[in-house]
Number of protein chains: 2
Amino acid sequence: MEMAQDRELVEQWRDIQSAYFRTAGAIDRELEAKFNIGLNEFEILDLVADNADACRMKQLGQRTPMTQSALSKVVDRLQKAGLISRQSCEDDRRSLFLELTDAGRALHADAAVAHRTLLQENLSQPS
Amino acid sequence: MEMAQDRELVEQWRDIQSAYFRTAGAIDRELEAKFNIGLNEFEILDLVADNADACRMKQLGQRTPMTQSALSKVVDRLQKAGLISRQSCEDDRRSLFLELTDAGRALHADAAVAHRTLLQENLSQPS
DNA sequence: TGTCATTAGATGACACGTCATATAGATTGA
DNA sequence: TCAATCTATATGACGTGTCATCTAATGACA
């Protein structure tokens, strides 16, 4: 027997899902169309842009729900796209520093505007 | 220049993402471990269980953020797992009715309990 | 009735995420 | 100093989602 409380829970969950998919989808489509990068790529750019320098992969991993291997592959793509560079790190040669390239910084500046705009449009919207 | 309002937006967005990933991940792992189905499979089972009979693919598509083709493949898997059956529909032979098998109904009953429990644990939690 | 457009659903190529594992460097302790 | 262990990151096999397209059935209209 389904309880009323259960229905509320399920509805709350659907709201979260719906907000998430609507927003993520909208951002992803626009970033893809205008800047040729996906949402995950943008979020990494955004984190790296924020941390300026001294940004290790490991630290990034803690600021995103992405898996370590997903992160590694996203960075691969960003690097292939010439938006980010991996700098090997002297005091621990297993680590890598990430740094935006000039192209990366430029693209991030524009994409961030689109990103914030879409967040605003979608998060304030009724579910 | 980054505005304070933007930071709030981005934080709100991260909260949604985090709630979504934490909850979806927890449910998915548990359903996978105990019942050998994923979250999407469960959600379809759950919708079909709710709609009882007269449940067309098309209608399902409107109640989930899944793509039509994703839905088709999820139903494939559920059918292969013997949990659901596709019944062809007399008055429109392009349509299909979906129906839980006995195994499907049994699994859904158990899985729904786990599902609701995990929703409760995760949605009430602080982000 | 015959053609054209539309609709329900399936499918194949492809992209991406995940898990398990590999690799290489760091650290510990005998 | 060597072996064992641990840690940071990369990689390959695999599953699943997406987009574009296909097929078959329906509807509309001349």
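Output the relative contact order of chain B, whole-number percent, from Cα pairs under 8 angstrom with separation of 6+ residues. Mind showing how you got there, number by number?
On the way: 118 pairs, mean separation 37.4, N = 127.
Relative contact order for chain B comes out at 29 percent.
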Item to check | Label point 7 Å beyond Cα along the C-beta direction, distances from A:GLU11 to other copies (nm, shortest first) | outcome: 2.9
Checklist entry - Taking the Cα centre of region A:1-107 as the origin, how large is its charge dipole in debye, to the nearest 20, when only Lys and Arg (+1) and Asp and Glu (-1) carry charge on their Cβ atoms? => result 400
Checklist entry - Any idea what the dipole of the protein assembly as shown comes to, in debye rounded to 20, about its Cα centre with Lys/Arg Cβ at +1 and Asp/Glu Cβ at -1? => result 700
Checklist outcome for this item: Taking alpha-carbon centroids only, region B:1-47 lies from region B:84-127 a number of Å equal to 19
Checklist entry - Residues with amide H under 5 Å of A:LEU96's amide H, sequence separation 5 or more or different chain, H placed in the peptide plane at 1.01 Å from N; which? => result A:MET57, A:LYS58
Checklist entry - What trypsin sites (Lys or Arg not before Pro) in region A:1-110 are in a loop by DSSP, with at most 12 other Cβ atoms within 10 Å of the Cβ? => result A:ARG93, A:ARG94
Checklist outcome for this item: at B:GLY61 the sorted inter-copy label distances (label 7 Å from Cα on Cβ side), in nanometres, are 4.1
Next on the checklist: Students often forget the sequence filter, so: which aspartates and glutamates lie under 12 Å Cα-Cα from B:LYS73 once same-chain residues fewer than 8 apart are removed?
Outcome noted: B:GLU41
Checklist outcome for this item: The aspartates and glutamates whose Cα lies under 15 Å from the Cα of B:LYS34, excluding any fewer than 8 residues away in the same chain, are B:ASP110
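What does the C-alpha gyration tensor say about the overall shape of the protein assembly as shown? Classify as rounded when a/c is under 1.5, otherwise prolate if a/b is larger than b/c, or oblate. Walk me through the intermediate numbers first.
Numbers: a/c = 2.13, a/b = 2.03, b/c = 1.05.
Cα axes put the protein assembly as shown in the prolate bin.
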Next on the checklist: Just to be sure I understand: if you take the accessible area of chain B alone plus chain A alone and subtract the pair, with a 1.4 Å probe, what total do you get in Å², rounded to 100?
Outcome noted: 2600
Item to check | Axis proximity, chain B to A: residue whose C-beta lies nearest, plus whole-Å distance | outcome: B:TYR20, 2
Item to check | Choice from A:GLN12, A:GLN87, A:GLN59 showing the highest fluctuation, given a GNM over chain A with Cα pairs closer than 10 Å | outcome: A:GLN12
Checklist entry - What's log10 of I(q)/I(0) for chain A at q = 0.18 Å⁻¹, Debye sum over Cα points only, no solvent? => result -0.96
Checklist entry - Which whole-number percent is the relative contact order of region B:56-110 (Cα, under 8 Å, 6+ apart)? => result 32
Item to check | Rounded accessible area of A:VAL113 (nearest 10 Å², 1.4 Å probe) | outcome: 90
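The values are calculated or read from the model by the stated rules, or taken from the named source; none is laboratory data. Model, not experiment: these values are computed from the prediction. All Cβ positions, even for glycine, are placed from backbone atoms using ideal geometry, and neighbour counts span all protein chains on display. With ligands, DNA and RNA removed, areas are computed over all heavy atoms of the protein, side chains included. Shrake-Rupley method; radii C 1.70, N 1.55, O 1.52, S 1.80 Å.
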